[in-house]
Amino acid sequence: MIWITSIFDTKIFTLKIMIAEKKEIQPKALEAVVIRFVGDSGDGMQLTGTQFSDTSAMIGNDVSTFPNYPSEIRAPQGSLYGVSGFQVHIGSVEISTPGDDVDLLVAMNPAGLKTNLYAVKPGHTIIIDTDAFTKKNLEKAKYETNPLEDGSLDNYRVIEVAISSLTKEALKDVEGLDNKSITRSKNMFALGMVYWMYHRSTEHSIDFFNKKFASKPQLIEANTKVLNAGFYFAETLELIPNAYTISPAKMPSGTYRIISGNTATAWGFLAAAEKSGIELFLGSYPITPATDILHELVKHKHFGVKAFQAEDEIAGITSAIGASFAGDLAITTTSGPGLALKGEALGLAMMVELPLVVVNVQRGGPSTGLPTKTEQSDLMQAMYGRNGESPVIVIAAGTPSDCFKFAYEAAKLALEHMTPVILLTDGYIANGSEPWLIKSVADMPAIKNNRIIEVKENWHPYDRDANTLARDWAVPGTFGLEHRIGGLEKDKITGDVSHVPENHEYMTKIRAEKIKRVENYIPELETEFAESGDLLVVGWGGTYGSLHSAVKQLNSEGYDNIGYAHFNYINPLPKNTEAILNKFKKIVVCELNNGQFVNILKMNFNICGLLQYNKIQGLPFGNTELTEKFKQLLS
Amino acid sequence: MEATLEKKYTFKDFASNQEVRWCPGCDDYVILRAMQKALPEIGVKKEDVVFISGIGCSSRFPYYMDTYGMHGIHGRAPAIASGVKLANPDLSVWVVTGDGDSMAIGGNHFIHVLRRNIDLNIIMFNNEIYGLTKGQFSPTSLVGQKTKSSPYGNTQPPFSPGELALGAQARFFARIGGNTPKEMTQMFIDAEKFNGTSLIEILQNCVIFNDGCFTKYTDKKVREDKQLFVEDGKPMIFGKDKDKGLVLNGLKLEVVTIGENGITEQDILVHKANEKDPTLHQMLVRLEYPLVTGIIRRFDDITLEEREDVLTKEVQANSKFKKTDDLFFSGEIYEVN
């Protein structure tokens, strides 16, 4: 590691607004910047970060964000484990991850500084609310000496501001505000400063206050005043030497919005329901980090969405199976432990061959594990976590906005192939957000279904489509098609209960073949950066952004012998998988688990030299660790 | 549910082509036939009827009905049925379950379906034993009962299904002996007509593993003396000679004899099934002598699907979102050129 000696070692102490002549500062252009806002769980860091990223997106930057909050709802104030953070990466270039190295850390208290300083490289900037660095708060953060005084921050560019006092001062003339409201608006002072530093207007946030606090005019006034106070404070503060600009990024033209993975997932299902003309039913039980999909879908009664909060995970999926039997597009949403509880019912859905989508927003496991952290360790559970031979379709979304496409795809595959589909996302892409080029339902691919609405002569419930092998979907209420399905093995022709040995083997194989044939309806695997070469980086699901940007970086540094293959379709795998993999000398399968997808590849293909890079820390891949690993494999 | 019938059905129309495979002499045959007779009377179209079951002897029921049906997984039938009904409220949805299926492995779904009051009919075959797994004690087996899994006698006190159901806010609870098909048929008709979750506990004899468990109440020779079959609005009188009745003595129900100690028919409590306060229904459910059968509680209340429907219409009327495009292109969007 190279030790960079700070060129910004001036420390700044500023306790009141300095009245200075407005100076024209020529802003410096940057390609990209990573900013992290940290404070207490109640300090409004998520809102501050979201406002900054929304404003940046509106002026055309590419953005990627990631919230990092504790599993405690309101941990004791000032404690290390109560720190809530929000990271935003903005750029004039393509941004695919929330970033590793923090350029600007905004620390609203000592605990936030202590738990996040590791991410800031020497020489980079830290804004600190000095009012929060009291003896009590320092003790809570387990600081033996005050980092503002003991020289431990000498290698950083520290901007010390008495944010809390300045906020109070700014609000002294606003009537009808209690102390709590005053304290809670200090995050807007910090946001105002950051807006000025990065040459952003406060307009978008002021519009936001006007909408959010429409019924509380004093809060509109207070937040606006504090935001402007922060902005002008930074402007008049001579000791902040630079402001920066980040030009708009080159992105495909169209209408965009910032979307999180969980919202994108929910909206993908809304789109699939509208396109297919089939009503959407969600059976779900709250579980972190999947609950936001439930929160989103319950809002949309106007589209006729039936969202049912069940008594447990099992009732979540079984109510969805009932709804699917009755003709709805049925989904259930959960995370790892919930998928374990749904296992038996998923086997039933597979056996009765009804369409169903199960979303698993993966989190750190096993057991309760790390509920608010990300991991990709449920892949084998998704593939095999059921009794008996019970194959289902497994697909995985790659980025937050990608969740829209793959939720839609999951619904389409379930309806067209009459099978449960497991859609894997993870805490990282579910809570992260990025720009989404909005898709109109009119532009989405058509969705067929296997509904049968009229009596056919000699019809049986397990009659299959000759190509897909999907069975007919005869729903209650349809005259003349009364039939019984269930978890017991069925006769291949009549659909009646059958214990005949040969029939069981036939049915087991045809259920497997049905899933295998899905490979004819999914896109082939493609590689990025190189079609053949010395090293192929392989990833799947939510690591797309990290792996893509690491390989891209090496590529731009002149490595033209490294390619990247990303899998969104896990079961079945794309037809050309083996052919693609064989074009590279070495293959490294990168996963946020102890090695699961690599074993699926080993089971399916005879490929030599499958290497692994695994991380199991509840965290996404970092850019440096990946590029170093890949360089090492290339040397 | 709209009962517009184009064709008059007979019980045969509801019998599937599957051979019925319960043990000879099982009460399940009685229940099946009672159901096949009730449905033509109800006047519902065959294609609108759905039977959902869990696992156990009782849960084979859907295979024998020529309607739509699903043989689900153990204990989950109420949740599957809830999904069916919420997806299509026009269907007539029936849950067939047993004492183990509903109150052991499926206990959670059982209490929550009752709490929510979705318009389903739940038929619980209570035989106080596990039949399909060949004779272990169930949540309704008696203390001391010797079974395959309690060779020295059961040490786990039983649930009273009625008490549990009323505690879970059941609006409709009825109990009936497994050997009274005529009354059973009528009870099925009443359950379907009731708007809300109806639960019928059938005292079902298991001829193999728990034979005679209800004989002291259900045997033809004693049942008039041991059972009180309640009817809404009528005095609670029982006995071969119609001379026994219930009165309230303090906080307890007491059996009195009409004609003795100056008791007349006027003194006997009149059954009120449609009473919001379930206190008296609880007392009736708990009574061991006489055993109370008939519709014990039938309280009219709004159903979950009705609440959902009202809310959905309200939201739809006030929403600016008619199509998903309206939502996707709303709020904070921006153009990139």
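Check whether at least one residue in segment B:309-325 is touching a residue at least 40 places away in the same chain (Cβ under 8 Å) and within 14 Å of chain A (Cβ to nearest Cβ), and report yes or no. Even if it seems obvious, please write down each step before you answer.
Going through segment B:309-325, the residues touching a residue at least 40 places away in the same chain (Cβ under 8 Å) turn out to be B:309.
After this cut, where a residue has to be within 14 Å of chain A (Cβ to nearest Cβ) as well, the list is B:309.
Taking every residue of segment B:309-325 in turn, at least one turns out to be touching a residue at least 40 places away in the same chain (Cβ under 8 Å) and within 14 Å of chain A (Cβ to nearest Cβ).
The residue pairs whose first member lies in segment A:350-374 and is closer than 9 Å to residue A:289 by Cα, whose second member is outside any loop (DSSP other than H, G, I, E, B) and among the β-branched types (Val, Ile, Thr), and whose beta carbons are closer than 6 Å, counting only pairs six or more residues apart or on different chains, are A:361/A:425.
With A:535, A:488 as the choices, which residue is closer than 30 Å to residue A:589 by Cα and touching a strand residue (DSSP E or B) at 6+ places or on another chain (Cβ under 7 Å)? So that I can check it myself, show each step before the final result.
Numbers: A:488 fails: closer than 30 Å to residue A:589 by Cα.
Every option except A:535 fails the conditions.
Residues in segment A:411-433 that are among the hydrophobic types (A, V, I, L, M, F, W, C) and closer than 23 Å to residue A:256 by Cα were compared, and the one that is surrounded by the most Cβ atoms within 10 Å (Cβ to Cβ) is A:429.
Consider segment A:292-312 and keep the residues that are farther than 15 Å from residue B:113 by Cα and of a type in the set (D, E, K, R). The one that is farthest from the other protein chains (Cβ to nearest Cβ) is A:292.
Yes/no per residue for (1) under 22 Å from residue A:523 (Cβ atoms); (2) in contact (Cβ under 8 Å) with a residue 12 or more places away in the chain; (3) within 14 Å of chain B (Cβ to nearest Cβ); (4) assigned to a loop (DSSP other than H, G, I, E, B):
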residue	(1), (2), (3), (4)
A:394	yes, yes, no, no
A:412	yes, yes, no, no
A:415	yes, yes, no, no
A:423	yes, yes, no, no
A:429	yes, yes, no, no
A:435	no, yes, yes, no
A:446	yes, yes, no, yes
A:460	no, yes, yes, yes
A:468	yes, yes, no, yes
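For residues in segment A:204-246 being touching a residue at least 12 places away in the same chain (Cβ under 8 Å) and either under 28 Å from the mean Cα position of the chain (by Cα) or on the phi > 0 side of the Ramachandran plot (or both), which is surrounded by the most Cβ atoms within 10 Å (Cβ to Cβ)? Across segment A:204-246, the extreme among qualifying residues is A:205.
The rows are residues; the columns are (1) in a strand (DSSP E or B); (2) among the hydrophobic types (A, V, I, L, M, F, W, C).
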{"residue": "A:345", "(1), (2)": "no, yes"}
{"residue": "A:360", "(1), (2)": "yes, no"}
{"residue": "A:368", "(1), (2)": "no, no"}
{"residue": "A:381", "(1), (2)": "no, no"}
{"residue": "A:409", "(1), (2)": "no, no"}
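Checked against (1) touching a strand residue (DSSP E or B) at 6+ places or on another chain (Cβ under 7 Å); (2) surrounded by fewer than 24 Cβ atoms within 10 Å (Cβ to Cβ); (3) not hydrophobic (A, V, I, L, M, F, W, C), residue A:335 meets all criteria but (2).
Assess whether residue A:88 counts as being surrounded by 16 or more Cβ atoms within 10 Å (Cβ to Cβ), under 30 Å from residue A:247 (Cβ atoms) and either out of contact with any strand residue (DSSP E or B) (no Cβ under 6 Å at 6 or more places or on another chain) or assigned by TED's automatic domain parsing to the domain that holds residue A:225 (or both). If you could, list the steps in order and put the result at the bottom.
Numbers: surrounded by 16 or more Cβ atoms within 10 Å (Cβ to Cβ): yes; under 30 Å from residue A:247 (Cβ atoms): yes; either out of contact with any strand residue (DSSP E or B) (no Cβ under 6 Å at 6 or more places or on another chain) or assigned by TED's automatic domain parsing to the domain that holds residue A:225 (or both): yes.
Here the answer is yes, as residue A:88 does meet what is asked.
What strands (runs of 3 or more DSSP E), lying completely within segment A:242-298, carry at least 2 residues that are modelled with pLDDT of 95 or more and not assigned by TED's automatic domain parsing to the domain that holds residue A:196? I'd like the intermediate steps shown before the answer.
On the way: elements: A:244-246, A:254-260, A:280-284.
Result: A:254-260, A:280-284.
Tell me, which residue of segment A:25-60 that is more than 22 Å from residue A:237 (Cα to Cα) and among the charged types (D, E, K, R) is surrounded by the fewest Cβ atoms within 10 Å (Cβ to Cβ)? Out of the qualifying residues, it is A:31.
If you check A:628, A:591, A:557, which single one turns out to be within 21 Å of the chain's Cα centre (by Cα) and charged (D, E, K, R)?
Testing whether each residue is within 21 Å of the chain's Cα centre (by Cα) and charged (D, E, K, R) leaves just A:591.
Among the residues of segment A:176-197, the one identified as part of a loop (DSSP other than H, G, I, E, B) and buried (at least 22 other Cβ atoms within 10 Å of the Cβ) is A:185. Of everything in segment A:80-126 that is assigned to a strand (DSSP E or B) and among the hydroxyl-bearing types (Ser, Thr, Tyr), the residue that is farthest from residue A:543 (Cα to Cα) is A:125. Scan segment B:169-186 for residues that are farther than 19 Å from residue B:37 by Cα, in contact with a helix residue (DSSP H, G or I) (Cβ under 6 Å, 6 or more places away or on another chain) and surrounded by 18 or more Cβ atoms within 10 Å (Cβ to Cβ) and the total you get is 2. Among the residues of segment A:219-238, is any outside any helix (DSSP H, G or I) and over 21 Å from residue B:332 (Cβ atoms)? Looking through segment A:219-238, at least one residue is outside any helix (DSSP H, G or I) and over 21 Å from residue B:332 (Cβ atoms).
Can you list the strands (runs of 3 or more DSSP E) lying wholly within segment B:47-136 that have 2 or more residues being within 17 Å of the chain's Cα centre (by Cα) and closer than 25 Å to residue A:312 by Cα? Quick ask: steps written out before the conclusion?
Values: elements: B:49-53, B:68-71, B:92-98, B:121-126.
Here the list reads B:49-53, B:92-98, B:121-126.
Quick grid of which residues meet (1) in a helix (DSSP H, G or I); (2) farther than 25 Å from residue A:60 by Cα:
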site: B:288; (1), (2): no, yes
site: B:297; (1), (2): no, yes
site: B:308; (1), (2): yes, yes
site: B:316; (1), (2): yes, yes
site: B:335; (1), (2): no, no
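From the list A:109, A:146, A:155, A:116, exactly one residue is touching a strand residue (DSSP E or B) at 6+ places or on another chain (Cβ under 7 Å), farther than 24 Å from residue A:49 by Cβ and either at pLDDT below 95 or not assigned by TED's automatic domain parsing to the domain that holds residue A:624 (or both). Which is it? Can you show your working first?
Working: A:109 fails: farther than 24 Å from residue A:49 by Cβ; A:146 fails: touching a strand residue (DSSP E or B) at 6+ places or on another chain (Cβ under 7 Å); A:116 fails: farther than 24 Å from residue A:49 by Cβ.
The unique qualifying residue is A:155.
Residues of segment B:23-48 being free of Cβ contacts under 8 Å to residues at least 24 places away in the same chain and within 12 Å of another protein chain (Cβ to nearest Cβ), which ones?
Of the residues in segment B:23-48, the ones free of Cβ contacts under 8 Å to residues at least 24 places away in the same chain are B:29, B:47.
Residue satisfying the conditions is B:47 alone.
Return the residues of segment B:92-115 that are closer than 30 Å to residue A:479 by Cβ and surrounded by fewer than 24 Cβ atoms within 10 Å (Cβ to Cβ); say none if nothing qualifies.
Residues of segment B:92-115 that are closer than 30 Å to residue A:479 by Cβ, as a first pass: B:92-97, B:113.
Scanning segment B:92-115 gives a single hit, B:92.
Let's see how each residue does on (1) at the interface with chain B (Cβ under 7 Å from one of its Cβ atoms); (2) within 24 Å of residue A:399 (Cα to Cα); (3) not hydrophobic (A, V, I, L, M, F, W, C):
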{"position": "A:318", "(1), (2), (3)": "yes, no, yes"}
{"position": "A:321", "(1), (2), (3)": "yes, no, no"}
{"position": "A:326", "(1), (2), (3)": "yes, no, no"}
{"position": "A:361", "(1), (2), (3)": "no, yes, no"}
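Checked against (1) away from chain B (no Cβ under 14 Å); (2) in a helix (DSSP H, G or I), residue A:54 meets all criteria but (1).
Please pick out the residue among B:95, B:20 that is more than 30 Å from residue A:306 (Cα to Cα), within 14 Å of chain A (Cβ to nearest Cβ), in contact with a helix residue (DSSP H, G or I) (Cβ under 8 Å, 6 or more places away or on another chain) and aliphatic (A, V, I, L, M).
Numbers: B:95 fails: more than 30 Å from residue A:306 (Cα to Cα).
Of B:95, B:20, the one residue that is more than 30 Å from residue A:306 (Cα to Cα), within 14 Å of chain A (Cβ to nearest Cβ), in contact with a helix residue (DSSP H, G or I) (Cβ under 8 Å, 6 or more places away or on another chain) and aliphatic (A, V, I, L, M) is B:20.
The values are calculated or read from the model by the stated rules, or taken from the named source; none is laboratory data. Keep in mind that this is a model prediction, so the values were computed, not measured. Neighbour counts are summed over all protein chains in view; Cβ atoms, including those assigned to glycine, are modelled from backbone coordinates with ideal geometry.
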